[in-house]
Amino acid sequence: MPETVPPPKYRERPRRVTVLGSTGSVGRNTVELLAADPGAYQVEALVAHKNASLLAEQARRLRARFAAIADDTQYGELKDALAGSGIETGAGAAAVVEAAARPADWVMAAIVGAAGLRPTMEAVRRGAMVALANKEALVCAGVLVTDEAKRRGARLLPVDSEHNAIFQVFAFEQREAIERIILTASGGPFLKRSRAEMENATPEQAVAHPNWSMGAKISVDSATMMNKGLEIIEAHHLFALESARLDVVVHPQSVVHGLVCYSDGSVLAQLGSPDMRTPIANALGWPERIGAPSPRLDLAKLAQLTFEAPDPERFPALRLARGALEAGGGAPVVLNAANEVAVASFLDRRIGFLDIARIVERALEDLSGAEIGSLDDVYALDGEARAAARRVIGNGSGVRA
Ligand SMILES: NC(=O)c1ccc[n+]([C@@H]2O[C@H](COP(=O)([O-])OP(=O)(O)OC[C@H]3O[C@@H](n4cnc5c(N)ncnc54)[C@H](OP(=O)(O)O)[C@@H]3O)[C@@H](O)[C@H]2O)c1
């Protein structure tokens, strides 16, 4: 848990860093911050899935020691692009784990999906500071990851903007005075759309987020509000609060990112423009603060900040995620795996937008009750849930009911 390890008095310079998922949306923002102050960081390793050309370019730019590509069919391109640079290269799942195992003090976990779990756990096992963007790792294996962090003295630094906001205003030493926390949700591109309009929504409409520029999977998750559901589960593990003390409020401007409510009636919030470079910089500099080029807030220009309750009818994913958290055991693994399969099928135009939640619900009904004691249990159940979701999609029984 974040409060178990006291912050170092000052941060080591240069900080040795690794970025898992450096070619993605969070990864590219992290690379930009690293490149802005080259003397402050020594880059140990960078990891991507398929994008060998961008990975090689980043590795040269940051003078990384090691670059790993998960998809080994792209290894030739990576090797050629880094020939003569002195940068070591690797390919495949084992190379991704090796990247996380190398001796960086600070590791950005920004691989998307359950694929990020094993490398994230590897960094935790080394006792590193782990900047956690990969929420799916906590959703699937929250107890395993936080227990291991406690055992190894690893520090989990939340990067999701809502959790990073709460981390900044959460008085860990006064936890008994904290009544609840509130995660804000933009409501995504379909906040004001009817169910009929959502039924026919296209991938292009779903990924066109009004405030944030993000990867395709999390953009669809924002549109269904499954993202907020995953974040409730993530918050449960990061802040050790039960479901009843984790609230969600829709805030379309995405300026107030997270709030902590105290027993004297005070509510502390963190505000900022919707720009991931702020929470990433907060984690990268921690426990100090470093600069970030995010646009500054102009409250007078904003004029209005609005809040409303989420609509459970149009956004059933929130209810499904909360149900999975409360059911415990393997339910969050099933939720996450079925959602990953359903989102990929939606992006491939094989199912409709509202089918995503239907498929997740069917998988949760079919696979309830599994217990999780190890990462192997997580991967086994993750596989079963993916197969169950694919069956539902294949036979059409769970879609467009
Ligand atoms: N984007 C945001 O603003 C934001 C905000 C909060 C939290 N998050 C969370 O941060 C994580 C990353 O999101 P994102 O939007 O940055 O995703 P993204 O743009 O899709 O990037 C994903 C990154 O992971 C890599 N990757 C994918 N599968 C992999 C595998 N099997 N092995 C190794 N690397 C793999 C990708 O490599 P390639 O480029 O080669 O495919 C890419 O570098 C997600 O868990 C998301 O929920 C994102």
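The values are calculated or read from the model by the stated rules, or taken from the named source; none is laboratory data. Because the structure is a prediction, the values reported are computed rather than measured. Every residue, glycine among them, receives a Cβ derived from its backbone with ideal geometry; neighbour counts consider all protein chains shown. Accessible surface is based on the protein model in full, side chains and every heavy atom, while ligands, DNA and RNA are left aside. Shrake-Rupley method; radii C 1.70, N 1.55, O 1.52, S 1.80 Å.
Report those helices (runs of 4 or more DSSP H) wholly inside region 257-362 carrying at least 3 residues which are within 16 Å of the ligand (Cβ to nearest atom) and open to solvent by 10 Å² or more (accessible area, probe 1.4 Å). Result: 277-285, 331-347.
Residue count for region 61-83 under the criterion of being closer than 26 Å to P38 by Cβ and not in a helix (DSSP H, G or I): the result is 9.
List pairs: first residue in region 15-31 and over 15 Å from P158 (Cα atoms) and assigned to a helix (DSSP H, G or I), second residue of a type in the set (D, E, K, R) and at pLDDT 95 or above anywhere in the structure, Cβ distance under 9 angstrom, at least six positions apart or on different chains. Final answer for the pair search is N29/D275; N29/R277; V31/R61. Would you please name the residue that is nearest to the ligand (Cβ to nearest atom), looking only at residues in region 83-102 that are open to solvent by 70 Å² or more (accessible area, probe 1.4 Å) and touching a residue at least 24 places away in the same chain (Cβ under 8 Å)? The selected residue is A93. Filtered by the rule that a residue be under 14 Å from D221 (Cα atoms) and either free of Cβ contacts under 8 Å to residues at least 40 places away in the same chain or not polar (S, T, N, Q) (or both), region 320-346 gives L320, A321, L335, A337, A338, E340, V341, A342, V343, A344, F346. Kindly provide the set of residues from region 115-141 that are near the ligand (Cβ under 9 Å from one of its atoms) and in a helix (DSSP H, G or I), ordered by number. Listed by number, the residues that qualify are A115, G116, P119, K135, E136, A137. Consider region 103-113 and keep the residues that are more than 8 Å from the ligand (Cβ to nearest atom) and in contact with a Lys or Arg (Cβ under 9 Å, 6 or more places away or on another chain). The one that is most open to solvent (accessible area, probe 1.4 Å) is P103. Here P189 qualifies as assigned to a loop (DSSP other than H, G, I, E, B) and open to solvent by less than 40 Å² (accessible area, probe 1.4 Å).
Return yes or no: is S186 out of contact with any helix residue (DSSP H, G or I) (no Cβ under 6 Å at 6 or more places or on another chain), under 21 Å from G258 (Cα atoms) and within 11 Å of the ligand (Cβ to nearest atom)? Against the criterion (out of contact with any helix residue (DSSP H, G or I) (no Cβ under 6 Å at 6 or more places or on another chain), under 21 Å from G258 (Cα atoms) and within 11 Å of the ligand (Cβ to nearest atom)), S186 does not qualify.
Among the numbered conditions (1) open to solvent by less than 40 Å² (accessible area, probe 1.4 Å); (2) more than 8 Å from the ligand (Cβ to nearest atom); (3) more than 26 Å from D376 (Cα to Cα), the only one that L55 does not meet is (2).
Of all residues assigned to region 128-135, none qualifies as being in contact with a strand residue (DSSP E or B) (Cβ under 7 Å, 6 or more places away or on another chain) and of a type in the set (K, R). Against the list (1) within 23 Å of I372 (Cα to Cα); (2) surrounded by 24 or more Cβ atoms within 10 Å (Cβ to Cβ); (3) not small (G, A, S), the condition D147 fails is (2). How many residues are touching a Ser or Thr at 6+ places or on another chain (Cβ under 7 Å) and more than 8 Å from the ligand (Cβ to nearest atom) when one looks only at region 33-52? Within region 33-52, residues that are touching a Ser or Thr at 6+ places or on another chain (Cβ under 7 Å) and more than 8 Å from the ligand (Cβ to nearest atom) number 3. Just one of the numbered conditions (1) within 12 Å of the ligand (Cβ to nearest atom); (2) among the small types (G, A, S); (3) touching a residue at least 60 places away in the same chain (Cβ under 8 Å) is not true of S219; which one? Among (1) within 12 Å of the ligand (Cβ to nearest atom); (2) among the small types (G, A, S); (3) touching a residue at least 60 places away in the same chain (Cβ under 8 Å), S219 violates only (3).
With respect to being farther than 14 Å from I166 by Cα, modelled with pLDDT of 95 or more and open to solvent by 30 Å² or more (accessible area, probe 1.4 Å), G229 falls outside the description. Restricting region 232-255 to residues that are open to solvent by 10 Å² or more (accessible area, probe 1.4 Å) and part of a loop (DSSP other than H, G, I, E, B), which is nearest to P274 (Cα to Cα)? Among those that are open to solvent by 10 Å² or more (accessible area, probe 1.4 Å) and part of a loop (DSSP other than H, G, I, E, B), it is Q253. The set of residues in region 17-52 being surrounded by fewer than 24 Cβ atoms within 10 Å (Cβ to Cβ), of a type in the set (S, T, Y) and within 12 Å of A68 (Cα to Cα) consists of T23 alone.
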